[in-house]
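Please read the structure below before turning to the comments.
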Amino acid sequence: MEVQENNTEGESNTEPHCDTENDVQDLHSQTPQAFERPQEVKEDLSLIGSPGPHGLVIGQGYNVTMVRSVEVKKSLQAAVGAATLQLVRLYNPWQGKEYTGPWSDTSKEWKSIAASEWAKMGIKFEKEGEFWMCFSDWVKYFTDTDICHFVNTSFFTLKKTWTETICLSEWSSAGRNGGNNWDSLSFLSNPQVEVNRQYRVHVKGAQVFKSQFLNSRNVFGTCTLPKARYVIIPCCANANAAGQFMLRLYTSNKTAG
């Protein structure tokens, strides 16, 4: 994930895999610059690099290049064997071993109808090293997906733009390190990011959003809030931690100064 950030200057986050096939639409909306690692990595790190199911390599990252959820024409449903297909296309940047399971490039699934019909449904290969997998197998064989977000901050574009605010600060031994316990007296001693306030907050208001605490260089979170005044309080899992941090805040409207 850190490689994605360093190479693209994007914002990365890791999503645990979906539990149901209905969540394929959520994956579809986040597909660009995503990659994942096979399931067994969480269970035993010593397995990294060893052969996995159907030619997958344990611990190796695979890029997600497309997600398709399509309704199959009635005239083709008998041949395809389904009325709806939910497929994920992946790319192996390491080359070497190829995926050999269902929907791999030489599997029987492709022979059920003509290649032109698959192309009409948008199910096709675009470069060497790509392979398809049904969504249920993708959930079965992989554990997490790392997603790199490219946030558009340019004014010279027709696409949606975001306003970026950057804050450089630190948790210090001088008292700016109150931990993450909302109920503790020390919580408000953490750094406070007040892009639209003049003074620090000394009385707690309502907590409207809280990100996950991860053992990671980067923590990412999104939320939708009504127009109001807010204070962001970056904090560590434990009090008395010390270290520098950078907070990048993206808002759909310009933040009042």
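The values are calculated or read from the model by the stated rules, or taken from the named source; none is laboratory data. Note that this is a predicted model, so its numbers are computed, not measured. No Cβ is skipped: glycine too gets one built from the backbone with ideal geometry, and neighbour counts run over all protein chains shown.
Summary table
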read-out	value
Test: residue in the range 85-94 that is in contact with a helix residue (DSSP H, G or I) (Cβ under 8 Å, 6 or more places away or on another chain) and either in a loop (DSSP other than H, G, I, E, B) or modelled with pLDDT under 90 (or both)	no
Checklist (1) in contact with a strand residue (DSSP E or B) (Cβ under 8 Å, 6 or more places away or on another chain); (2) modelled with pLDDT of 85 or more; (3) not in a loop (DSSP other than H, G, I, E, B) applied to Ile123, failing item	(3)
Test: residue in the range 122-138 that is in contact with a helix residue (DSSP H, G or I) (Cβ under 8 Å, 6 or more places away or on another chain) and either buried (at least 16 other Cβ atoms within 10 Å of the Cβ) or in the same structural domain as Phe245 (by TED's automatic domain parsing) (or both)	yes
Any hit, the range 218-236, residues being modelled with pLDDT of 85 or more, assigned by TED's automatic domain parsing to the domain that holds Glu164, more than 13 Å from Cys167 (Cβ to Cβ) and touching a helix residue (DSSP H, G or I) at 6+ places or on another chain (Cβ under 8 Å)	yes
When residues of the range 189-214 are limited to those that are modelled with pLDDT of 80 or more and among the aliphatic types (A, V, I, L, M), the one farthest from Thr251 (Cα to Cα)	Val203
Failed item, numbered, when Thr31 is tested on (1) crowded, with 16+ Cβ neighbours inside 10 Å; (2) modelled with pLDDT under 70; (3) not in a loop (DSSP other than H, G, I, E, B); (4) not charged (D, E, K, R)	(3)
Single condition Asn181 does not satisfy, out of (1) surrounded by fewer than 13 Cβ atoms within 10 Å (Cβ to Cβ); (2) over 18 Å from Asn253 (Cβ atoms)	(1)
Selected residue (only one of Leu249, Leu188 is surrounded by 11 or more Cβ atoms within 10 Å (Cβ to Cβ), within 30 Å of Ile147 (Cα to Cα) and out of contact with any Gly (no Cβ under 6 Å at 6 or more places or on another chain))	Leu249
Scope the range 54-69; condition crowded, with 17+ Cβ neighbours inside 10 Å, over 18 Å from the mean Cα position of the chain (by Cα) and not in a loop (DSSP other than H, G, I, E, B); matching residues	His54, Val57
Subset of the range 157-186 (residues that are aromatic (Phe, Trp, Tyr) and under 12 Å from Pro234 (Cβ atoms))	Trp171
